[in-house]
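Here the structure is laid out as structure tokens; the discussion comes afterwards.
The values are calculated or read from the model by the stated rules, or taken from the named source; none is laboratory data. Predicted, not measured: the structure shown is a model, and the values here were computed from it. Here the Cβ is made from the backbone with ideal geometry for all residues, glycine too, and neighbour counts use every protein chain on show. Each accessible area value is taken on the protein alone, full model and side chains, heavy atoms only, with ligands, DNA and RNA left out. Shrake-Rupley method; radii C 1.70, N 1.55, O 1.52, S 1.80 Å.
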Amino acid sequence: MRKLLVLTFLMWSAAGVVVFAQEPTPFPSNPEEPATSTSSLSSLPIEINASGKTNYENGVATAQDDVAIHVGDTDIYADRARYDSHTHEVEVDGNVRIYRGIHLYIGNHGVYNVETKQIQAANMRGSYPPYFVSADKISVVSDSETIVENGTFTTDDSENPSFHLRAKKVRIYENDRVVFQNVAFYIGKVPVFWWPYLYQSLDDAFSFSISPAYLSSWGPSLLTQVTFPITKEIHGRVRFDYRARRGEALGFETEIKHGTNKDNLASLRTYYLQDQNPLLNRTNLPRGTIGTARYRLTLQDRTYFTDDLYATVNITKLSDAFLLQDFYQNEFRYDPKPDNIIALTKSNPFYTITALGRFQANAFFDTTERFPEVALDIKRHALFGSPIFYEGETSIGDLYRNFASASPYTDYGSFRADTFHQLLYPNTYFGWLSLVPRVGFRATYYDQSRDVSKTVLTPSNGNPYLPDFIAPNLRYPVVDGGDVLRTVFNAGMEGSFKVSRVWENVQSRALGLDGLRHIIQPFFNFSYVADNTDPTAILQFDRFQPSTKLAPVDFPQFTSIDSIDNWTVARVGVRNTLQTRRDDLTVSWMDLETYVDVNIDNPFDKTDYSNLFNTFHFQPVPWAQLAVTSQFPAFDKGFTEVNTRVIFQPVSNFQFSVGHRYLNNNPFFLDSSLYTVGAYYRISDNWGVSALEQYEAETGLVESQRYSVYRDLSSWVASVGAIIRNNGSVKEYGVLLTFTLKAFPKFSFDFNFDPSGTGDTTNQ
């Protein structure tokens with residue numbers, strides 16, 4: 001095969017005018033050696049090689065067969081080529097491949113300007129990570145900008161991509177952004193969504209998910225969502241759901257990064273449906289009347305004005321009390337009554353000051369409104385460099401206890417000014433005993449109170465965990481007792497010491513032991529509080545809430561300031577820790593903490609002794625752990641609670657967990673003996689399965705069953721999940737099939753229904 005050098009040329013430019021030498025550049029005497037020549041203004045020679053016929057006439061060179069052109073960082077290969085030294089354009093045809101930097105263009109025809117480095121290509125394919133592009137016309141305007149006309153974009157690197165975007169016109173800005181005009185999204189050959197304008201940051205996410213589902217309270221359903229960037233700082237998500245028993249639903253969500261450094265984040269979530277069966281209820285609780293127009297509007301924002309001054313907005317407006325339960329089931333589990341607050345916070349190493357507004361946006365939920373409340377928290381710090389430490393908090397505000405619209409109770413309110421100050425003297429004695437004595441004072445002013453002599457009290461009926469409380473209603477309203485100033489004196493002491501011993505010869509590979517150190521730490525916390533006012537005369541806003549856990553016995557940890565009463569409590573216990581070495585680190589091999597309250601005088605627990613509490617954690621090896629929290633009435637009457645969880649992962653692709661929650665004789669919660677069993681197994685790189693079951697032994701019901709199968713489909717991840725819920729009177733069944741684009745950058749999507757039990761927000 002004959003190889004012939006066609007052309008070597010020089011380029012000059014001055015004052016923006018391109019000038020080419022009038023006389024043609026001669027071929028070298030040896031045709032096997034390429035000519036090398038550069039201009040005084042350009043150091044980029046053009047080299048053209050071909051195996052077929054070549055010609056050079058009047059400043060125009062042509063070449064055929066296996067043409068290879070090299071100029072700067074650009075390499076061009078084609079069947080035929082034509083170079084015009086006057087226009088500085090290389091025109092190529094047939095099996096065209098243009099390599100420029102990291103980009104590759106493949107097609108049948110293209111034009112490259114060696115002066116401006118612009119590429120004009122028709123019927124071309126190329127790559128702009130993460131996209132693969134094909135278009136009727138691609139114009140490379142500059143090193144950083146490319147214009148694509150009638151282009152197809154996908155991240156599915158296959159001959160027949162399963163999804164793509166089709167756009168009338170696209171501007172690609174290298175390593176920055178892509179701007180689409182008149183763009184449609186296709187699955188296969190089927191268009192599923194259209195935008196007049198779309199902004200895609202090359203660092204951010206675009207994704208599409210479609211989820212066929214069935215839930216007995218929904219009927220056959222289809223849940224879809226498309227996520228896309230609107231600008232570099234604004235993400236959008238459009239949701240369109242159809243439920244046969246409910247109807248269509250439409251939602252729009254967005255996240256906005258704003259501020260000088262784009263470190264502020266705002267989010268908006270909307271959802272609306274005209275519910276065809278709003279009274280459809282799969283629970284045992286009556287609902288009353290619910291309208292067919294159901295919606296949610298959630299606005300969240302955190303804006304930093306300076307490094308230490310920021311505003312927080314968290315507002316949720318719901319159409320009814322059951323919308324989250326029906327359509328956002330997992331969100332309902334952890335936040336059934338969303339709060340509504342607006343706050344401005346100033347932080348400092350020594351203090352934090354917050355102005356807070358809290359309001360009742362949803363009349364069907366109880367709310368303690370604050371219009372507004374300003375709070376100053378002073379962090380614990382050394383007082384004037386002395387060994388004495390100071391901490392305190394002060395707040396003032398108008399407070400209103402607004403009950404739900406359907407509640408029989410009546411609302412009440414008061415202006416409250418509260419201030420608390422405490423001194424501490426932490427010290428170590430004898431080199432081993434740590435003692436922290438404390439003394440504090442609190443004063444709280446209320447411009448309204450209860451007249452206890454004229455207010456009906458609801459007694460605790462002998463319940464040792466429930467203090468007397470007031471339930472105001474229309475028949476027995478709260479009688480105003482005027483303003484009141486309550487003063488509280490508190491004192492106490494915390495103490496602890498440690499004793500340890502080391503056994504270097506304790507070695508066991510099976511138990512993960514490389515030496516063993518035992519640390520014993522006895523501790524106590526004594527608390528004394530004296531209050532000059534009967535707490536039943538205080539209007540309750542920040543009030544004591546019954547719980548299975550022990551309440552804090554010191555300030556400011558005890559936050560139910562309106563429920564403060566006289567108390568004398570001593571909390572005593574001991575911590576046992578076994579430590580070993582692992583991977584050149586000291587790790588806890590076993591932990592056990594045991595403690596009990598001695599109730600000399602405790603208004604929240606009228607027994608002499610609290611339950612005996614134990615917290616146990618055992619992790620002999622990284623792939624197995626046991627955790628147990630328990631409490632028993634060891635010294636006095638009480639209730640029993642034991643929570644156990646075992647996690648076991650013997651091999652990398654299999655995890656198994658067992659949990660048990662046992663609660664007996666609690667005055668506030670039903671007895672329970674709930675078993676939870678879960679497992680996940682990765683069969684191969686493409687397949688995985690998981691299961692989760694919950695069995696309530698007290699009722700003999702399998703309350704929940706969840707099963708999922710996952711399949712990696714190259715460009716997609718598919719999962720199918722099934723769920724069965726049983727509350728004793730009603731069973732609910734559900735199936736969810738999810739397809740999520742894997743090749744696009746990942747993005748979270750709230751499916752509102754979660755057979756796998758991993759939560760509403762799912763990253764596929």
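Note that segment 561-609 presents 46 Å² accessible area per residue, ligands and nucleic acids not counted, probe 1.4 Å.
Computed over segment 601-641, relative contact order equals 39 percent, with contacts defined as Cα pairs under 8 Å that lie 6+ residues apart. Overall, the accessible surface of segment 268-347 at a probe of 1.4 angstrom is composed of carbon and sulfur to the extent of 59 percent. For segment 250-342, the dipole from Cβ point charges (+1 on Lys and Arg, -1 on Asp and Glu) about the Cα centre works out to 340 debye, to the nearest 20.
With 32 Å as the limit, the listed pairs 53/168; 337/549; 262/317; 232/337; 137/232 have 53/168; 232/337 beyond it between alpha carbons. For residue 698, the residues whose amide H sits under 5 Å from its own are 673, ignoring neighbours fewer than 5 places away on the same chain, with H placed 1.01 Å from N.
Candidate cross-link partners of residue 731 among the aspartates and glutamates, defined by an alpha-carbon separation under 19 Å and a same-chain spacing of 8 or more, comprise 326, 693, 696, 698, 703, 754. On segment 536-637, 57 percent of the accessible area sits on carbon and sulfur atoms, based on a 1.4 Å probe. Rounded to the nearest 20 debye, the dipole size of segment 215-258 about its Cα centre is 100 debye, using +1 on the Cβ of Lys and Arg and -1 on the Cβ of Asp and Glu.
Can you pull the percent of segment 73-177's accessible area that's carbon plus sulfur, 1.4 Å probe, other chains left in place? After summing per-atom areas, the C and S share lands at 43 percent. Under the combined filter of DSSP loop state and at most 12 neighbouring Cβ atoms within 10 Å, segment 92-186 retains these GluC sites (Glu not before Pro): 159.
With all protein chains kept in place, the per residue accessible area of segment 365-441 amounts to 51 square angstrom at a probe of 1.4 angstrom. Looking at segment 645-742, the chymotrypsin sites (Phe, Trp or Tyr not before Pro) that sit in a DSSP loop and have at most 16 other Cβ atoms within 10 Å of their own Cβ are 668, 669.
Highest mean packing comes first when the peptides 73-83, 413-423 are listed by Cβ atoms within 10 Å, giving 73-83, 413-423. Per residue, the accessible area of segment 287-343 comes to 48 Å², computed with a 1.4 Å probe over protein heavy atoms only. For residue 454, the aspartates and glutamates whose Cα falls under 15 Å of its own Cα, not counting residues fewer than eight places away in the same chain, are 480, 534. Before anything else, pin down the relative contact order of segment 72-148: Cα pairs under 8 Å, at least 6 apart, normalised by residue count, whole percent. Once normalised by length, the contact order is 20 percent.
Its Cα centre serving as origin, segment 68-184 has a Cβ charge dipole (Lys and Arg +1, Asp and Glu -1) of approximately 340 debye.
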